[in-house]
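In what follows, a structure is listed as structure tokens, so that the remarks can point back to it.
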Amino acid sequence: MHRSELTIDLGAVRRNVKRLTGVLDGADLWAVVKADGYGHGAVDVAGAALGAGARALCVVTLAEGLEMRAEYPTARILVMGPLIPGEVARAREAGLEIAVADADIPEGVRVHIKLDTGMGRFGLTELLSAPPRNVVGLMSHLATTADDLDFARKQVERFRELTAPHADLTRHIAASAAVLRLPEAFFDAVRCGIAIYGLSPFGEDPAGDGLEPVLRWESRLTQVKLLQPGESTGYGRRFIASEPTWIGLVPVGYADGFRRDMTGTEVLVAGERRPVVGTISMDSFAVTLERELLVGTPVVIVGDGVLVEEHARVADTINYEITCGVCSDRRRARRVIVDG
Ligand SMILES: *Cc1c(COP(=O)(O)O)cnc(C)c1O
């Protein structure tokens with residue numbers, strides 16, 4: 001019996017990809033599977049996304065690109081980088097495409113020039129007048145989306161102006177949020193990450209955008225005890241019972257990606273929402289119970305209506321950071337792939 005179980009539903013990946021390609025009006029969907037597929041497992045997610053119509057894979061590091069190449073020999077793979085100098089040759093040998101953010105374009109490898117249209121991060125602010133022939137794409141990235149659509153529109157217009165003389169190249173700027181809210185950003189391809197995992201780029205309920213969560217995370221109660229008034233649970237005695245209180249201990253903690261700042265969030269215990277109380281430990285957290293429950297009672301941390309977005313709100317972060325932090329180390333958690 002594992003301490004917790006992560007279930008990855010590849011059917012949900014496929015449905016999300018189809019839902020997204022359905023609005024793209026001919027632009028290609030490229031699946032972003034960096035950071036081990038936002039914690040979901042890049043190899044499995046990439047396979048499902050390609051099967052559902054994604055036309056390329058996007059990663060950040062050379063190692064991620066090489067992993068994808070080993071699994072998918074014919075796939076189009078873009079390493080968004082930046083790469084360090086010695087890595088370009090290996091990218092070339094592996095048939096990876098690379099993003100370049102300065103005027104020094106390496107030869108013999110397919111290059112996407114990265115333009116800074118307002119993100120203030122990697123990228124050229126002006127385009128070379130005549131990009132070399134191995135440049136196949138022009139890309140940029142949006143700094144704002146739902147929170148400031150006007151700024152995003154300005155970036156899109158800047159991108160349109162800068163790239164207009166090179167409309168023969170593959171132009172791409174949109175990520176998930178723009179795919180769902182800003183059709184003028186579609187150009188030739190979009191780079192979708194968070195939405196293919198069925199998570200909301202706006203921190204809302206993904207169902208509102210027709211997306212279905214891919215990750216389910218479950219565990220079980222491993223201890224149930226009655227605290228008497230004045231007794232506490234966990235480090236620092238941050239939860240002290242004011243009346244006789246049943247608590248359940250769940251063998252999942254911050255080493256598993258259940259962050260210390262998620263105290264107060266809710267999980268399902270025997271199908272009912274229960275609050276997480278006290279300090280979250282490295283290897284466990286506590287919930288209060290309405291009654292005595294058996295050891296072994298199922299606990300759903302993510303799934304059955306409990307959203308990653310809710311946990312993110314409690315932790316004052318974004319859903320991206322929560323799933324990237326979920327630990328799928330086999331020595332702690334079991335990972336199960338289903339195709340529902
Ligand atoms: C991560 C990333 C994306 C994907 O963003 P989502 O919001 O997850 O869709 C797209 N483009 C670049 C450059 C990225 O780094």
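The values are calculated or read from the model by the stated rules, or taken from the named source; none is laboratory data. Here the structure is a predicted model, which means the values were calculated and not measured. Note: ideal-geometry Cβ built from the backbone for every residue, glycine included; neighbour counts use all protein chains shown.
On the basis of being assigned by TED's automatic domain parsing to the domain that holds Leu294 and farther than 23 Å from Ala315 by Cβ, does Glu243 make the cut?
yes
Identify the residue in the range 19-42 that is part of a helix (DSSP H, G or I) and among the hydrophobic types (A, V, I, L, M, F, W, C) and, among all such residues, is surrounded by the fewest Cβ atoms within 10 Å (Cβ to Cβ).
Ala35
Answer yes if at least one residue in the range 291-301 is basic (Lys, Arg), surrounded by fewer than 19 Cβ atoms within 10 Å (Cβ to Cβ) and farther than 29 Å from Gly193 by Cβ, and no otherwise. Give the derivation first.
Restricting attention to the range 291-301, the residues satisfying the condition of being basic (Lys, Arg) are 291.
Within this subset, residues satisfying the condition of being surrounded by fewer than 19 Cβ atoms within 10 Å (Cβ to Cβ) are 291.
Then drop every residue that is not farther than 29 Å from Gly193 by Cβ, which leaves 291.
Yes, that holds for at least one residue.
Every residue in the range 77-108 that is crowded, with 22+ Cβ neighbours inside 10 Å and away from the ligand (no atom under 16 Å from the Cβ), please.
Once the filter is applied, which keeps residues that are crowded, with 22+ Cβ neighbours inside 10 Å and away from the ligand (no atom under 16 Å from the Cβ), the range 77-108 yields only Ala91.
Which ones in the range 243-258 are buried (at least 20 other Cβ atoms within 10 Å of the Cβ) and within 19 Å of the chain's Cα centre (by Cα)?
Asp256, Gly257, Phe258
Would you be able to tell me the number of residues in the range 210-222 that are assigned to a strand (DSSP E or B) and closer than 12 Å to Phe285 by Cβ?
1
Looking only at the range 1-18, how many residues end up being crowded, with 18+ Cβ neighbours inside 10 Å and either assigned to a helix (DSSP H, G or I) or of a type outside the set (S, T, N, Q) (or both)?
Step one: list which residues in the range 1-18 are crowded, with 18+ Cβ neighbours inside 10 Å, which gives 3-4, 6, 8-10, 12-17.
Those still in the list that are either assigned to a helix (DSSP H, G or I) or of a type outside the set (S, T, N, Q) (or both) too: 3, 6, 8-10, 12-17.
Of the residues in that region, 11 qualify.
Go through the range 227-286 and report how many residues are touching a Lys or Arg at 6+ places or on another chain (Cβ under 7 Å), over 15 Å from Val300 (Cα atoms) and part of a loop (DSSP other than H, G, I, E, B).
The number of residues fulfilling the criteria is 3.
Within the range 159-194, take every residue that is part of a helix (DSSP H, G or I) and within 12 Å of the ligand (Cβ to nearest atom) and give me the one that is farthest from Thr117 (Cα to Cα).
Ile194
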